[in-house]
1. Could you identify which residue out of Val158, Val102, Val32 has the top mean-square fluctuation in a GNM of the chain using Cα springs shorter than 10 Å?
2. Go through [x] 1.04; [y] 1.19; [z] 1.14 and flag the label whose value is the computed Cα Rg over 2.2 N^0.38 Å for this structure.
3. Based on DSSP loop calls and a cut-off of at most 13 other Cβ atoms within 10 Å, the longest stretch of the chain free of exposed trypsin sites (Lys or Arg not before Pro) is what?
4. Running a GNM on the chain with Cα contacts under 10 Å, which residue among Ala37, Ala99, Ala140 ends up with the highest mean-square fluctuation?
5. Given a 10 angstrom Cα cut-off, can you work out which residue in Val166, Val58, Val93 is the most mobile in a GNM of the chain?
6. Which Cα, out of Tyr41, Val166, Ala120, lies furthest along the positive dipole direction of the range 3-181 (beta carbon charges, K/R +1, D/E -1)?
Amino acid sequence: MGIQGILAGLLVGGPAHGYQLKATLEEELGPVWMTSASQVYLTLGRMHRDGVVSSRRVRQERRPDRQLLALTASGRALALEWLFESDDPDESVVRLAVARLVVPDRFAELTDIIVEQRSAALTELRSLRRDATQGFQREAIDAEIQRVQADLRWTVAVREHAGAIVQRPRSGSRSDSSARYG
C-alpha cells in the first residue's frame, strides 16, 4: 500500500496537514524515512480525490492557508487494514512507528501479528528450500531465510520492549500541537 497506507495510518491519530505528516515521519524514523514533500502532497491529493480523506481550509494570519486533512470512514478502515493486515515485510518498521504514535494501546498486538507473519514466511521458505534442487535456488532461498530470521529476531526484541517503546515521548519539537499549527 505504500505511502497512502502510511499517511492514512498517521491520520488515525487525528486531523493533520501534509507538512505535519511528513515531519512526524522524519522525526520518528530519522534517516530511515525518505520521501519528498511532492510525493506526500500528490498522495494526499489522490487520497482526497478517492474519498479516503476530507479536508478543510485553515486560515493562518501570516502564512498561506493550510489544508487540514481527516480520515473518512473508508479511510479509517483502509488505515487500520494497513496497520494490522498488511503482510509487506518492507513496511513493518514504519507500521510499528505509526502504531506507536496513533494506537499505542495496540502496539503489542501489532508486534504479535508481525511475528506471526514472519514466522509463517520462514516456515514457507524452509519448505521451499527442501524442494529446491535446480541452479542457485537453494542459495537464493537461504539468503531470504537469513533476512526473514533477522526480521523475526528484531520484531521479537521490539515486542519484548513494547511497553517502554510506547512510553517514549514523540521525537522533535514539531510534534507539539502549537508548533504544528503555528
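1. Among Val158, Val102, Val32, the largest GNM mean-square fluctuation belongs to Val32.
2. Working out Cα Rg over 2.2 N^0.38 Å from the coordinates points to [y].
3. It works out to 63-169.
4. Comparing Ala37, Ala99, Ala140 in a Gaussian network model of the chain, the most mobile one is Ala140.
5. Result: Val58 has the largest fluctuation of those listed.
6. Tyr41
No lab work stands behind these numbers, since they all come straight from the coordinates. What you are looking at is a predicted structure, and each value in this text was computed from that prediction instead of being measured. Cβ atoms come from the backbone with ideal geometry, glycine included; neighbour counts cover every protein chain shown.
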